[in-house]
Structure formats: structure tokens, C-alpha cells
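Enquirer: The following block contains the structure, expressed as C-alpha cells.
The values are calculated or read from the model by the stated rules, or taken from the named source; none is laboratory data. A quick note: this is a predicted structure, and the numbers were derived from the prediction, not measured. Glycine also receives a Cβ, built like all others from the backbone with ideal geometry; neighbour counts cover every protein chain displayed. For accessibility, only protein heavy atoms count, side chains too; no ligands or nucleic acids. Shrake-Rupley method; radii C 1.70, N 1.55, O 1.52, S 1.80 Å.
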Amino acid sequence: MLKTIGVDSKRKVQASVTCSDLCYQSAEALLKAMEWAPEEIEILIYVSQTRDFLLPCTAIVLQDRLKLPKSCIAFDVPLGCSGYPYGISVIAGMMSAAKIKKGLLLCGDTSTLTVSPEDKKTFPLFGDAGSATALEYVEDSGEIVFSTGSDGSGYDAIMVPGGGSKEPLEDGTHEIEKKRLGYRKGRTHLHMDGSRVFEFSINTVPESINELFSRTGHSPETIDFFLMHQANLIMNETIRKKLKFPLEKVPYSLKNFGNTSSASIPLTMVSQIKDELSSQERSLLMSGFGVGLSWASLILKTDSIFIHDLIEYDG
């Protein structure tokens with residue numbers, strides 16, 4: 001299994017723990033370490049597919065838990081694999097347009113709660129994680145360049161069919177179905193067509209990034225680190241080789257944490273290249289892709305950014 005999906009270990013929350021709990025602890029620790037007062041935060045965006053309630057949005061709950069001001073903009077973006085680059089595009093765009101000084105981007109999922117323990121395609125792959133990214137608007141700072149897209153014809157390639165308005169919770173929704181491959185799962189479990197996701201990812205992602213390179217004049221030689229969503233090892237390595245990135249420029253957190261949805265890129269930054277990002281200016285390419293089907297890539301420069309140590313949830 002390690003040779004194919006690349007996962008050796010992962011984190012799994014208890015059923016009572018939400019993704020917002022993980023993001024709350026991350027945000028609280030980050031604000032304290034950076035000596036940012038809660039009342040300074042003007043925007044909070046929560047990127048996740050595992051929200052606390054059907055309504056209100058979870059960002060509203062987190063705004064209150066973190067004691068942010070009532071003037072703080074707070075809303076959810078319900079994206080998974082592509083969520084971190086998309087989240088940066090949304091929060092950076094709003095901060096730039098409105099000259100918002102400080103913001104928080106909280107990303108993650110508790111995916112293990114939606115997979116069947118008997119599903120050999122999904123259960124070994126997914127792990128749980130939450131992240132917090134602090135952003136500050138600075139006049140005349142470097143441009144962030146994005147390439148984004150979606151293909152809704154593949155919406156059912158990765159999905160949880162039951163529990164929404166199309167298939168509301170009722171008697172039978174939680175019923176476990178016997179599958180021909182020998183494992184069982186219900187309509188409220190994650191269903192994934194691995195071959196469709198693989199074909200989409202290895203073709204669309206390189207095309208999108210090459211378009212971004214063409215538009216910006218960048219290349220693998222000008223990028224210090226290529227931070228990919230940690231989908232699975234075979235998929236990511238196929239993309240890396242297609243784009244001709246050397247292995248030393250493509251860090252992996254997959255082995256130790258599994259596929260952690262929208263938290264996978266910031267988790268890779270924290271766990272794999274913290275010292276490199278904290279010490280000097282770096283040129284980064286980030287790319288998220290998957291559920292939707294959707295994809296988003298960006299190129300930005302960082303300059304000795306502060307990165308908090310990895311936190312193991314203790315709630």
C-alpha cells in the first residue's frame with residue numbers, strides 16, 4: 001500500500017471532534033505566536049467540506065470562538081482538494097480590493113468520518129487535519145498569479161451521495177450496502193471513482209500549470225518548491241514527472257499524514273520545509289486538484305515567513 005498510495009500513517013479524530021476544532025486550535029496558537037490581537041482580524045474564511053452544521057456557516061461559529069470583532073467578514077468555501085489555492089485567491093482578492101489589513105484562512109477536513117472502514121480504496125488514504133494561515137495586506141507587495149478551473153461533468157467522481165437536499169437523511173440513508181468487491185458502505189460514505197480522478201488529475205493539472213508558466217515566464221527552474229495537494233503517490237509522481245520537476249523540489253507529507261484535503265498544502269509546508277521557508281525568500285508553486293472536479297494553481301513569493309510548529313490536537 002505504501003508503494004501505491006504512499007501512506008504509512010495518518011491522524012484520525014474521534015467522532016466528537018470537528019474540523020473546526022482543529023482549525024480553532026491552529027488559529028489560536030498562530031495568533032498568539034505572531035502577537036496578533038483577535039480584534040485586528042477583519043476577514044475569516046473557512047475552507048472545508050466537513051462543516052459543523054447545515055446552517056449557519058462554520059466560519060461564523062469560529063469568528064465567535066476566536067473572539068474576532070463583529071465587523072469581521074466570515075464565510076465558508078465548501079471545497080476540498082483544490083481548496084487551499086482557491087482560498088488564497090478569494091481572501092487575497094477581497095483583502096486587496098477592500099484594503100483589509102489582516103485576515104485568517106482556515107482549511108481542512110475530517111475526511112475519516114465520511115469513509116467506510118471497509119472501503120479499501122478510501123479508508124487507507126484519507127487523514128484528518130486543520131490549518132490556519134495568517135495573511136497581511138502590504139502595499140506594492142508581489143503579485144500572486146492564479147490558474148483555476150472546474151469540470152462539473154465529473155461531479156460524481158468523488159462524492160457523498162446521501163445527506164443533502166437531493167437525497168436527504170431518512171430511514172435507509174445510513175443503510176450499509178453490500179458491494180461486489182467485498183466491502184460495505186452506505187450512501188453517507190465517500191464514494192470515489194479512482195480511475196476517473198486519476199485521468200483527470202494527470203492530464204488537467206500539468207496543462208493548467210504549463211499555461212501558468214507560459215503566462216508568467218516561470219519554469220521548474222525558477223520555482224524553489226512545487227507544493228501539490230497530497231492526493232496519492234502514483235498520481236502526484238506522474239504529475240511531477242510530466243512537469244519535469246526534480247524530486248528535491250517537491251516535498252511530501254503524504255507518507256506521515258495521508259490525504260488531508262484542503263489542509264495538505266499548508267501541512268506540507270509546516271512539516272517538510274518549515275526551515276527553508278522561514279529563512280529566506282522563496283518562489284512557490286501551489287496546486288490543488290480533485291473533488292468537483294476542480295483545480296487551482298498559483299505562483300507567489302514568500303520572504304522569511306513565520307511558520308508555527310506542527311500541533312497535535314489535544315482537545
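Enquirer: Can you tell me which of Val17, Val138, Val61 moves the most in a GNM of the chain? Springs connect C-alpha atoms under 10 Å apart.
Expert: With Cα springs under 10 Å in the chain, the top fluctuation among Val17, Val138, Val61 is at Val138.
Enquirer: Which one of Ala37, Tyr86, Gly154 is farthest out on the positive end of the charge dipole of the chain, using unit charges on Cβ (Lys, Arg +1; Asp, Glu -1) and the Cα centre as origin?
Expert: Result: Gly154.
Enquirer: Right, here's the next one. Taking springs between alpha-carbon atoms closer than 10 angstrom, which of Tyr24, Tyr46, Tyr84 fluctuates most in the Gaussian network model of the chain?
Expert: Tyr24
Enquirer: Go through Lys12/Lys241; Lys120/Lys241; Lys255/Lys301; Lys32/Lys101; Lys12/Lys121; Lys12/Lys274 and tell me which ones have a Cα-Cα distance over 20 Å in this structure.
Expert: In this structure, Lys12/Lys241; Lys120/Lys241; Lys255/Lys301; Lys12/Lys274 exceed 20 Å between Cα atoms.
Enquirer: Only helical DSSP H runs with n ≥ 4 go in: add -39500 (n - 2.57) per run for the chain, normalise by residue count and round the 222 nm mean residue ellipticity to 500 deg cm²/dmol. Could the numbers behind the result be given before it?
Expert: Numbers: 8 runs with 93 residues, N = 315.
Roughly -9000 deg cm²/dmol at 222 nm, from the helical runs in the chain.
Enquirer: Per residue, how many Å² of accessible area does region 20-167 show with a 1.4 Å probe?
Expert: Heavy-atom accessible area per residue stands at 46 Å².
Enquirer: Using 0.36 nm per residue of separation minus the Cα-Cα distance, give me the extension gain between Glu139 and Glu39 in nm, one decimal.
Expert: My answer for the length gained is 33.9 nm.
Enquirer: Pop a pseudo-label 7 angstrom from the Cα along the beta-carbon direction at both Lys255 and Glu118 and give the gap in nm to one decimal.
Expert: So the two model labels end up 3.4 nm from each other.
Enquirer: Would you mind checking the radius of gyration and Dmax of the chain based on alpha-carbon positions, in Å?
Expert: Over the chain's Cα set, Rg and Dmax evaluate to 18.9, 58 Å.
Enquirer: Now, a different point. Rounded to the nearest percent, how much of the accessible area of region 196-315 (1.4 Å probe, protein heavy atoms only) is carbon and sulfur? It would help to have the intermediate numbers written out before the result.
Expert: Numbers: 2410 of 4840 Å².
Ligands and nucleic acids excluded, carbon and sulfur give 50 percent.
Enquirer: Still on this structure, I have one more. Please compute one quarter of the surface area of the Cα convex hull for region 29-188 and express it in square nanometres.
Expert: 11.9
Enquirer: Still on this structure, I have one more. Test of understanding: given the chain, find the longest segment containing no GluC sites (Glu not before Pro) that are in a DSSP loop and have at most 15 other Cβ atoms within 10 Å.
Expert: 222-311
Enquirer: Out of the trypsin sites (Lys or Arg not before Pro) in region 202-291, which ones are loop residues according to DSSP with at most 16 other C-beta atoms within 10 Å?
Expert: Lys244
Enquirer: Using DSSP to define loop residues, name the chymotrypsin sites (Phe, Trp or Tyr not before Pro) in region 76-154 whose beta-carbon has at most 11 other beta-carbon atoms within 10 Å. Can you show the working numbers first?
Expert: Details: sites: Tyr86, Phe126, Tyr137, Phe146; in loops: Tyr137.
Within region 76-154, no chymotrypsin sites (Phe, Trp or Tyr not before Pro) qualify (loop, at most 11 other Cβ atoms within 10 Å).
Enquirer: What does the extension gain come out to for Lys67 and Ile311, with contour length at 0.36 nm per residue minus their alpha carbon separation?
Expert: 85.8 nm
Enquirer: Nearest 20 debye, what's the magnitude of the dipole of region 72-172 about its Cα centre given +1 on Lys and Arg Cβ and -1 on Asp and Glu Cβ?
Expert: 300
Enquirer: Pop the C-beta distance of Asp275 and Ala98 into the FRET formula with R0 = 22 Å and round what comes out to the nearest 0.05.
Expert: Given R0 = 22 Å and the Cβ-Cβ separation, E is 0.05.
Enquirer: Separate question: Please list, in order, the residues from region 273-315 whose amide nitrogen is less than 20 Å from a point placed 7 Å along the Cα→Cβ vector of Thr238.
Expert: Within reach of a label on Thr238: 287-297.
Enquirer: Sticking with this structure for a sec: Taking the Cα centre as origin and putting +1 on Lys and Arg beta-carbons and -1 on Asp and Glu beta-carbons, what dipole magnitude results for the chain, to the nearest 20 debye?
Expert: It comes to approximately 900 debye.
Enquirer: When only Cα pairs under 8 Å and 6 or more residues apart are kept, what is the percent relative contact order across the chain?
Expert: Computed over the chain, the figure is 24 percent.
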